[in-house]
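What follows is one structure encoded as structure tokens, with my remarks underneath.
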Amino acid sequence: MNYVREGKYRVRFHLGRGSNYLKWQVKNPSGMVSYHDPSSVRLVMLNARLHNRPKVAKHICQGANKTVCAWIECDWVGVTTAKMPPYGKNALMYNPRKLPHWTDKEGKNLDNHTFELIVSNQKFLYSNLKLSDFDNTHLEDAA
């Protein structure tokens, strides 16, 4: 499933071997892919929906080899080098080895849930921010 729905960005954490291992992968609506080092940038995703392939995730949870089964689809992705303090609220997590769906700290299933804004902080994702939190920050288009 390597397509991007027309007009949407697709973001995922890249776990494939090579020079982009453990980087954020952003695919823009025209299909162009860029990679971003989570230790040096933050991604700001607007109107972001959590996608999952439950059958694949369930197999991974049961011990199968990992393969791409989850991503975030959003209207726009911005990149900033601003180093703001970490956000400890509303953490979003995905680890199909533990649970076969997107989840929060309480373990609630968040598959297909849409958030107005999701922000990365290193390899973690948070949904407790507003775009106005970035008023004094330069955001560049991710792709």
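Checked against (1) under 13 Å from the mean Cα position of the chain (by Cα); (2) more than 23 Å from Thr114 (Cβ to Cβ), Leu46 passes all but a single condition, namely (2).
For first residues located in the range 17-44 and assigned to a loop (DSSP other than H, G, I, E, B) and surrounded by fewer than 16 Cβ atoms within 10 Å (Cβ to Cβ), partners that are at pLDDT 95 or above and among the hydroxyl-bearing types (Ser, Thr, Tyr) and lie 6+ apart or on another chain with Cβ distances below 8 Å form the pairs Pro29/Tyr9. Being part of a loop (DSSP other than H, G, I, E, B) and among the acidic types (Asp, Glu) is the filter; apply it to the range 60-114 and report the residue that is modelled with the lowest pLDDT. Across the range 60-114, the extreme among qualifying residues is Glu106. Just one of (1) under 24 Å from Asp133 (Cα atoms); (2) of a type in the set (D, E, K, R); (3) exposed (fewer than 15 other Cβ atoms within 10 Å of the Cβ) fails for Lys98. It is (1).
Determine, yes or no, whether Cys69 is under 25 Å from Lys8 (Cβ atoms), touching a helix residue (DSSP H, G or I) at 6+ places or on another chain (Cβ under 8 Å), of a type in the set (A, V, I, L, M, F, W, C) and buried (at least 20 other Cβ atoms within 10 Å of the Cβ). So Cys69 fits the description; yes.
Out of Asn65, Asn128, Asn90, one residue alone is out of contact with any strand residue (DSSP E or B) (no Cβ under 6 Å at 6 or more places or on another chain), polar (S, T, N, Q) and farther than 23 Å from Gly16 by Cα. It is Asn128. Checked against (1) in contact with a helix residue (DSSP H, G or I) (Cβ under 8 Å, 6 or more places away or on another chain); (2) at pLDDT below 95; (3) within 16 Å of Arg12 (Cβ to Cβ), Ala142 passes all but condition (1).
Each residue in the range 115-131 was checked for being touching a Lys or Arg at 6+ places or on another chain (Cβ under 8 Å), surrounded by fewer than 17 Cβ atoms within 10 Å (Cβ to Cβ) and assigned to a strand (DSSP E or B), and 1 of them qualify.
The values are calculated or read from the model by the stated rules, or taken from the named source; none is laboratory data. Quantities reported herein were computed from a predicted structural model and do not represent experimental measurements. Backbone-built Cβ (ideal geometry, glycine too); neighbour counts: all protein chains shown.
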